[in-house]
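The structure appears below as structure tokens.
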Amino acid sequence: MTAGRELVRMQGIDKHFPGVHALKSVGFELRAGEVHALMGENGAGKSTLMKILSGVYRPDGGRILIDGAEVQIADPRASQALGIGIIHQELALMRDLTAAQNIWIGREPRLSLGRIDEARQNADTAAIFARMNLRLDPRTPVASLSIARQQMIEIAKALSYRPRVLIMDEPTAALNDAEIAELFSIIRQLRDEGVGIIYISHKMDEIKRISDRITVMRDGAHVATVDAATTAIGSIIAMMVGREIGDEQVVVPDLAQAPVALEVRGLTRGTELRDISFSLKKGEILGFAGLMGAGRTELARAIFGAEPADGGEILIHGRPARIRSPHDAVRAGIGYLSEDRKHYGLALGMDVRANIAMASLARFTDRLGRLDEPGLRKVARDHIARLRIRTPGDRQEVRFLSGGNQQKVVIAKWLLRDCDILIFDEPTRGIDVGAKAEIYHLLTDLAAAGKAIIVISSEMPEVLRLSHRIAVMCEGRLTGILPAASSQQAIMELATERQGGTA
Amino acid sequence: MTDIGIERQEARRSGSAQQKLLAFASLIVLVAGFSLASPRFFQIDNILSILQATSVNGVLAVGVTMIIITGGIDLSIGTMMTFTAVMTGVVLTWGGMPLPLGILAAIGTGAACGLISGTLVAKARIPPFIATLGMMLVLKGLSLIVTGTKPIYFNGTEGYTLISQGSVIGRMLPAFPVPNGVLILFAVAGLVAWILGRTVLGRYTFALGSNEEAVRLSGVNTDRWKMAIYALAGGICGIAGLLISSRLNSAQPALGLGYELEAIAAVVIGGTSLSGGRGTILGTLIGALIMSVLTNGLRVLSVAPEWQTVVTGVIIIVAVYADQLRRRGSH
Ligand SMILES: Nc1ncnc2c1ncn2[C@@H]1O[C@H](COP(=O)(O)OP(=O)(O)OP(=O)(O)O)[C@@H](O)[C@H]1O
Ligand SMILES: [Mg+2]
């Protein structure tokens, strides 16, 4: 790769938030035609730095140079005018509009009288989708799309700007392997056209595959910028977290004598779930693998009563349970950590303490309905420490936390609730390597303490690292249950085992 | 073969369509019920008077629908309507100017007031409920101050009452003299429906209500558009001011309070979500019709006015509850 000319230079960037020194004189430089990975723990300041480059925040100090000339980036529009496109970490879509309407918001092709040229808008969108190999009708309302699809819309939107600088803040967090491969081929194509790409991700293998250079940040400061090809993953992680993290293998406990905690018999709902039966023992971690849309989340939501099944039976500790709502489920001792934290997991405008306590308030209420705030403060602080949630305090509003730390708050909420059966749907999405290892330990400890745990994950290494048994789904059916040490090959075969050749 | 393999995930909830259907069905049921109950109900004269009675509330409701779709609210439309009528009186009766200038005064005053509300909401970041609550009182006071608390009559302006009472259609089709006020309502509704469905302004109206932060991050000047929407709704309020003052042949400064709630009720019955992002003008029209059919029908059946109010309240609650049920069912 020939080193391109310098596109962006950020020097001495400083940024304070109330109680947080988010960026400490950070420098960063991007060349044309390179993929530059930006790495660091949750809360290291990656998103903040990129929000400054894209005009969402103004820096307190420092300079930004584009093509060698100093610029002021006052708002998102100014950054767009400079050719900077960004895919934000938190999905920023308008759920009531269609895919095409979302993509062209602010730049609608117009006819006379302020009318919108919907036909052209849809055609342009279809062209971008075609380039991305994305088979989707531009007129689909965003609210009806899965998170993965919504993420593809964000990517399409960024591409539609034809940017010279493209910032991707964890674009693959919700994508499956095929979609990631598609995205990477788009990234390579853009890079070859001379676009400078800034790529943020917590997935180490991706960073190695796609990036040319890597900049590591820690605690709001620049640590190092290194060449991707010649630097070992281990030393990158060491730079990020300041310590080494070992690779660990799953240890399968002997569960022969353990009682069954959850049994599902013939669970069915429309075409989404077809006759699913399995059982889960006390102390067991059952991983659910499968492709995006295989029905794993639907299964979890059905067990949790969020969208009850039409048919089938759920037995808890051997007794049939009637679960018609999440309230029933929680009372029966089931906890569910949703994959879409922003919509289902968090009250963003409330503080960390309130969010952690949200599912357990009854325990902290006296007979007059008064809340035991000191007690709440104590458990909130315990969980903040236990999960290493980076926040200035338990009264900080959750929306001010970095993405990965928000995810930890959701986990803390369900840990506090102390359920017998816990369903984790993509528990480590957007979580850094260090914290991931901690969460794996935590889940293993919970299982050892007698909880029954279901982990749904699209990351194969995660399923393999955690699961005592691996259930695989395809198109709403449970295609098989494999033992712990199965090969990725075996899982993929079950994950693509379609019924009767209907392709 | 372009559609093969394209994944078209139908919206699980074609929400407002269903609500519109529901509202429309209730309207039919109401009309049928009243027609059976009293032979005087389903008469041309009575139907026309229902339509006429819908015109003012309908126009107000259509205007405020836009604001509600952005996730906002406007409590000042009732007193704003009165204030625009007062300013029209100032221009026409006191100033002796020609009618077109009076019309301009009404719409211009409304747009200016709306712009002020919009600025308070967008720039000063005052919650819409508070900002327009303040405007409601300010405008009520101003109407009384300007007029010295006495009505202004439009006797000097020839044909002022025709704006709402006359009937262009009646001249061509004497059997069906639809009053102009009703035509104006339909024209305004058509215009706003077009704006919402076809134009950039409409797109941003829905987008703001759906996810304002996302719109802002897309580089859209959300403040400016929001102000434009409030101003437009204000201008429409001015049209309502013309309609009501034409019907009364006067600007009544003490009138106005309460109209905003009726308009908002019509919007809600019509299926527009108070949390923004969803709503239709057709729904609002049906909602406004339901309100006036109800009032009229109960009056025809000689139900006491105090009971009419109770029934209206119940209907609003039932309508919104039905909407909730439907939404829960499809989720
Ligand atoms: N608007 C805000 N107000 C207050 N604090 C903020 C705000 N935005 C970010 N922070 C804080 O600044 C720090 C850096 O956050 P940032 O989002 O940049 O982290 P990140 O590196 O992107 O982390 P992640 O990998 O979890 O996304 C965090 O401690 C966060 O809590
Ligand atoms: Mg981030």
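Mind listing whichever residues of the range A:205-245 are polar (S, T, N, Q), closer than 28 Å to A:Val20 by Cβ and open to solvent by 60 Å² or more (accessible area, probe 1.4 Å)?
Answer for the range A:205-245, where residues must be polar (S, T, N, Q), closer than 28 Å to A:Val20 by Cβ and open to solvent by 60 Å² or more (accessible area, probe 1.4 Å): just A:Thr225.
Can you tell me which residues in the range A:398-421 are of a type in the set (D, E, K, R) and within 8 Å of ligand 1 (Cβ to nearest atom)?
Result: A:Arg399, single match.
So which residues in the range A:290-319 are closer than 19 Å to A:Arg469 by Cα, touching an Asp or Glu at 6+ places or on another chain (Cβ under 7 Å) and of a type in the set (Gly, Ala, Ser), if there are any at all?
Once the filter is applied, which keeps residues that are closer than 19 Å to A:Arg469 by Cα, touching an Asp or Glu at 6+ places or on another chain (Cβ under 7 Å) and of a type in the set (Gly, Ala, Ser), the range A:290-319 yields A:Ala294, A:Gly295, A:Ala300.
Which of the numbered conditions does B:Leu248 fail, given that it passes all the others? Conditions: (1) of a type in the set (A, V, I, L, M, F, W, C); (2) within 30 Å of A:Pro76 (Cβ to Cβ); (3) open to solvent by 20 Å² or more (accessible area, probe 1.4 Å).
Of (1) of a type in the set (A, V, I, L, M, F, W, C); (2) within 30 Å of A:Pro76 (Cβ to Cβ); (3) open to solvent by 20 Å² or more (accessible area, probe 1.4 Å), only one is false for B:Leu248: (2).
Going by the structure shown, is A:Ala362 of a type in the set (Gly, Ala, Ser), open to solvent by 50 Å² or more (accessible area, probe 1.4 Å) and either touching a strand residue (DSSP E or B) at 6+ places or on another chain (Cβ under 7 Å) or not in a strand (DSSP E or B) (or both)?
In short, yes.
Do any residues in the range A:418-435 that are closer than 23 Å to A:Ile237 by Cβ and polar (S, T, N, Q) have Cβ atoms under 9 Å from those of residues that are more than 16 Å from ligand 2 (Cβ to nearest atom) and assigned to a helix (DSSP H, G or I), where the two are at least six apart or on different chains, and which pairs are they?
So the pair list comes out as A:Thr428/A:Ile439; A:Thr428/A:Tyr440; A:Thr428/A:Glu462.
Among helices (runs of 4 or more DSSP H) lying entirely in the range A:23-139, which contain 1 or more residues that are facing another protein chain (nearest Cβ under 10 Å) and farther than 28 Å from A:Leu7 by Cβ?
Hits in the range A:23-139: A:99-103, A:118-131.
If you go through the range A:162-173 one residue at a time, how many are within 16 Å of ligand 2 (Cβ to nearest atom) and open to solvent by 10 Å² or more (accessible area, probe 1.4 Å)? Talk me through it step by step, then tell me what you get.
The initial filter retains those residues of the range A:162-173 that are within 16 Å of ligand 2 (Cβ to nearest atom), namely A:167-173.
With open to solvent by 10 Å² or more (accessible area, probe 1.4 Å) added as a condition, the list becomes A:170, A:173.
Residues that pass the stated criteria total 2.
Going through the range A:448-482 one residue at a time, which ones are under 24 Å from the mean Cα position of the chain (by Cα), open to solvent by 30 Å² or more (accessible area, probe 1.4 Å) and closer than 17 Å to A:Met292 by Cα?
Correct list: A:Ser458, A:Glu459, A:Pro461, A:Glu475.
Of all residues in the range A:20-35, which are within 15 Å of ligand 1 (Cβ to nearest atom) and either under 26 Å from the mean Cα position of the chain (by Cα) or closer than 16 Å to A:Val56 by Cβ (or both)?
If the condition is that a residue be within 15 Å of ligand 1 (Cβ to nearest atom) and either under 26 Å from the mean Cα position of the chain (by Cα) or closer than 16 Å to A:Val56 by Cβ (or both), then A:Val20, A:His21, A:Ala22, A:Leu23, A:Val26, A:Phe28 are the ones that fit.
The conditions are (1) surrounded by 15 or more Cβ atoms within 10 Å (Cβ to Cβ); (2) in a strand (DSSP E or B); (3) away from ligand 2 (no atom under 16 Å from the Cβ); (4) of a type outside the set (A, V, I, L, M, F, W, C), and A:Gly12 fails exactly one of them. Which is it?
Answer for A:Gly12: the failing condition is (1).
How many residues does the range A:142-182 contain that are part of a helix (DSSP H, G or I), among the polar types (S, T, N, Q) and modelled with pLDDT under 90?
Counting residues in the range A:142-182 that are part of a helix (DSSP H, G or I), among the polar types (S, T, N, Q) and modelled with pLDDT under 90 gives 3.
Which of the helices (runs of 4 or more DSSP H) found entirely inside the range B:74-160 contain at least 2 residues meeting this: touching a strand residue (DSSP E or B) at 6+ places or on another chain (Cβ under 6 Å) and not polar (S, T, N, Q)?
On the way: elements: B:77-89, B:99-122, B:128-147.
Per the criteria, B:77-89.
Quick test for you: out of B:Leu232, B:Leu242, pick the one residue that is in a helix (DSSP H, G or I) and within 14 Å of chain A (Cβ to nearest Cβ). Break it down stepwise before answering.
Details: B:Leu242 fails: within 14 Å of chain A (Cβ to nearest Cβ).
Only one candidate passes the filter, namely B:Leu232.
May I ask you to list the residues in the range B:279-308 that are among the aromatic types (Phe, Trp, Tyr) and in contact (Cβ under 8 Å) with a residue 12 or more places away in the chain?
None; the set is empty.
Determine the pairs where a residue that is within 13 Å of chain A (Cβ to nearest Cβ), located within the range B:171-200, has a partner that is surrounded by 14 or more Cβ atoms within 10 Å (Cβ to Cβ) and charged (D, E, K, R) with Cβ atoms under 6 Å apart, the partner being 6 or more residues away or on another chain.
Listed pairs, sorted by first residue: B:Arg198/A:Arg115; B:Thr199/A:Arg115; B:Val200/A:Glu108.
Being open to solvent by 10 Å² or more (accessible area, probe 1.4 Å) and either small (Gly, Ala, Ser) or near ligand 1 (Cβ under 7 Å from one of its atoms) (or both) is the filter here, so list the residues in the range A:46-61 that pass it. Quick ask: steps written out before the conclusion?
If we filter the range A:46-61 for residues that are open to solvent by 10 Å² or more (accessible area, probe 1.4 Å), which is where we start, we get A:46-48, A:51, A:56-61.
Within the range A:46-61, A:Lys46, A:Ser47, A:Thr48, A:Gly61 qualify.
The values are calculated or read from the model by the stated rules, or taken from the named source; none is laboratory data. Since the model is a prediction, treat every value here as computed from it, not as a measurement. Methodologically, a virtual Cβ is constructed for each residue, glycine included, from the backbone with ideal geometry; neighbour enumeration extends over all protein chains shown. Quick note on the areas: whole protein, heavy atoms, side chains included, nothing else; ligands and nucleic acids left out. Shrake-Rupley method; radii C 1.70, N 1.55, O 1.52, S 1.80 Å.
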